[in-house]
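See below for the structure under consideration.
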Amino acid sequence: MRTRRIVIPPIKSQGIKTKLVPWINELAPKVSGKWIEPFLGTGVVAFNSGYKKAILNDTNPHIINFYKGIQQKLITGALVKQYLEREGKLLSTADESGYEHFRKIKDRFNLEFSSLDFIFLSRAGFNGMMRFNKKGLWNIPFCKKPDRFAQSYTTKITNQVLAVSKIIQDDWVFYNKSFSEIIPMATKDDIIYCDPPYFGRYVDYYNGWSEKDEETLFDLLSETKAKFILSTWHHNDFRANEMIKKYWDKFNIVTRDHFYHSGGKIENRRQIVEALVCNFDITHINMHNHGVFEKIELSTGELQLF
């Protein structure tokens, strides 16, 4: 088994690909060009890709603004630490078991869209979720933990900001556009990694996804001269992803079992079969459960077997 050190980003969301990063990296061929992500999300795959040049895009402007702020050194570890210590203290002493101050931050963010308020909400929201309503306003309730930003937690987030700041390169370009504008930027020397919203599963205002979107993505990836990897779901205990048969079966597909928790109890442990779709040769790869026994090392130093 190999040990890998995984950099964990400061932004959290459901569906984050932390546990799948070694699998993606193992499959991805090295290219001489850029790493391109039309669906950046938390950024965990990009931050562990090892590329000095990248094009990174997301329809959620708050994600892009946060990472551009780090790139431009407008957001630093020291600034985040100071901010979270101040707001965390106010949260811990606020009325309604902290909800009064959470509501104040949410209302302020929905008016000013501060990147610091964004990181606060993304780490204090219920169940690590990130959701926006049709007006583009924050729409996740408080996690009901007034002492959320204890010193150890604040230090953890600060260290994640510091780690990301060392990885983000001056040559990385961030966009807030549609994926359909990003994929055509790729050349034959580039690699595209796509992690779109999964069809038929959770979406929000910034991440809605229809079959038309899936078809557009398929058309663009079919035409690109770049190498690509697409993350999607293959099937679970109840149904199959109909988009696999309809679109992605023409490419090479590797699958693996992935477990997730939908609650705090072991009986809520669920299995889903994840798929990586790609347009390059993978005959040397196990077609199912590739890399399932790898051990990874998180940037915190924690070892995790998956």
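The values are calculated or read from the model by the stated rules, or taken from the named source; none is laboratory data. Just so you know, these numbers come straight off a predicted model, no measurement behind them. Cβ coordinates were reconstructed from backbone atoms using ideal geometry, including for glycine residues, and neighbour counts include every protein chain displayed. For accessibility, only protein heavy atoms count, side chains too; no ligands or nucleic acids. Shrake-Rupley method; radii C 1.70, N 1.55, O 1.52, S 1.80 Å.
Restricting attention to the stretch 145-154, does a residue exist that is more than 19 Å from the chain's Cα centre (by Cα), crowded, with 17+ Cβ neighbours inside 10 Å and assigned to a helix (DSSP H, G or I)? Step through it out loud before you land on a result.
Step one: list which residues in the stretch 145-154 are more than 19 Å from the chain's Cα centre (by Cα), which gives 145-154.
With the extra rule that they be crowded, with 17+ Cβ neighbours inside 10 Å, the set shrinks to 146, 148-149, 154.
Right, trim to assigned to a helix (DSSP H, G or I) and you get 154.
Yes: one or more hits.
Among the residues of the stretch 8-27, write down those that are assigned to a loop (DSSP other than H, G, I, E, B), at pLDDT below 95 and not β-branched (Val, Ile, Thr).
LYS12, SER13, GLN14, GLY15, LYS17 - these are the residues of the stretch 8-27 that are assigned to a loop (DSSP other than H, G, I, E, B), at pLDDT below 95 and not β-branched (Val, Ile, Thr).
Yes/no per residue for (1) within 23 Å of PHE280 (Cα to Cα); (2) under 16 Å from the mean Cα position of the chain (by Cα):
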position: ILE24; (1), (2): yes, yes
position: VAL31; (1), (2): yes, no
position: LEU40; (1), (2): yes, yes
position: GLY43; (1), (2): no, yes
position: ALA46; (1), (2): yes, yes
position: HIS62; (1), (2): no, yes
position: GLY69; (1), (2): no, no
position: THR76; (1), (2): no, no
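Tell me which residues, restricted to the stretch 42-57, are touching a helix residue (DSSP H, G or I) at 6+ places or on another chain (Cβ under 7 Å) and more than 14 Å from ILE229 (Cβ to Cβ).
The answer is GLY43, VAL44, PHE47, ALA54, ILE55, LEU56, ASN57.
Would a scan of the stretch 109-118 turn up a residue that is in contact with a Gly (Cβ under 8 Å, 6 or more places away or on another chain), farther than 25 Å from THR232 by Cα and surrounded by 15 or more Cβ atoms within 10 Å (Cβ to Cβ)? Working first, answer last.
Narrowing the stretch 109-118 to residues in contact with a Gly (Cβ under 8 Å, 6 or more places away or on another chain): 115.
With farther than 25 Å from THR232 by Cα added as a condition, the list becomes 115.
Now drop any that are not surrounded by 15 or more Cβ atoms within 10 Å (Cβ to Cβ), which leaves 115.
Yes, the stretch 109-118 has at least one match.
Counting only residues that are of a type in the set (Val, Ile, Thr), in a helix (DSSP H, G or I) and out of contact with any strand residue (DSSP E or B) (no Cβ under 6 Å at 6 or more places or on another chain), which one in the stretch 50-102 is surrounded by the fewest Cβ atoms within 10 Å (Cβ to Cβ)? Write out each step before concluding.
The initial filter retains those residues of the stretch 50-102 that are of a type in the set (Val, Ile, Thr), namely 55, 59, 63-64, 70, 75-76, 80, 93.
After this cut, where a residue has to be in a helix (DSSP H, G or I) as well, the list is 63-64, 70, 80, 93.
Now drop any that are not out of contact with any strand residue (DSSP E or B) (no Cβ under 6 Å at 6 or more places or on another chain), which leaves 63, 70, 80, 93.
Values: ILE63: 26, ILE70: 20, VAL80: 23, THR93: 11.
Checking each candidate, the answer is THR93.
Restrict the check to the stretch 167-179 and report whether at least one residue is β-branched (Val, Ile, Thr) and either part of a helix (DSSP H, G or I) or in contact with a Gly (Cβ under 8 Å, 6 or more places away or on another chain) (or both).
yes
Scan the stretch 174-182 and give yes if some residue there is farther than 24 Å from GLN14 by Cα and either open to solvent by 60 Å² or more (accessible area, probe 1.4 Å) or modelled with pLDDT under 95 (or both), otherwise no.
Yes.
Can you tell me how many residues within the stretch 17-65 are among the β-branched types (Val, Ile, Thr) and touching a Phe, Trp or Tyr at 6+ places or on another chain (Cβ under 8 Å)?
Of all residues in the stretch 17-65, those among the β-branched types (Val, Ile, Thr) come to 18, 21, 24, 31, 36, 42, 44-45, 55, 59, 63-64.
Checking which are touching a Phe, Trp or Tyr at 6+ places or on another chain (Cβ under 8 Å) leaves us with 24, 36, 45, 55, 59, 64.
Of the residues in that region, 6 qualify.
So which residues in the stretch 218-254 are farther than 18 Å from GLY33 by Cβ and either basic (Lys, Arg) or in contact with a Lys or Arg (Cβ under 6 Å, 6 or more places away or on another chain) (or both)?
Within the stretch 218-254, ARG239, LYS245, LYS246, LYS250 qualify.
Give the number of residues within the stretch 122-144 that are touching a residue at least 60 places away in the same chain (Cβ under 8 Å), of a type in the set (Gly, Ala, Ser) and surrounded by 17 or more Cβ atoms within 10 Å (Cβ to Cβ).
Of the residues in that region, 1 qualify.
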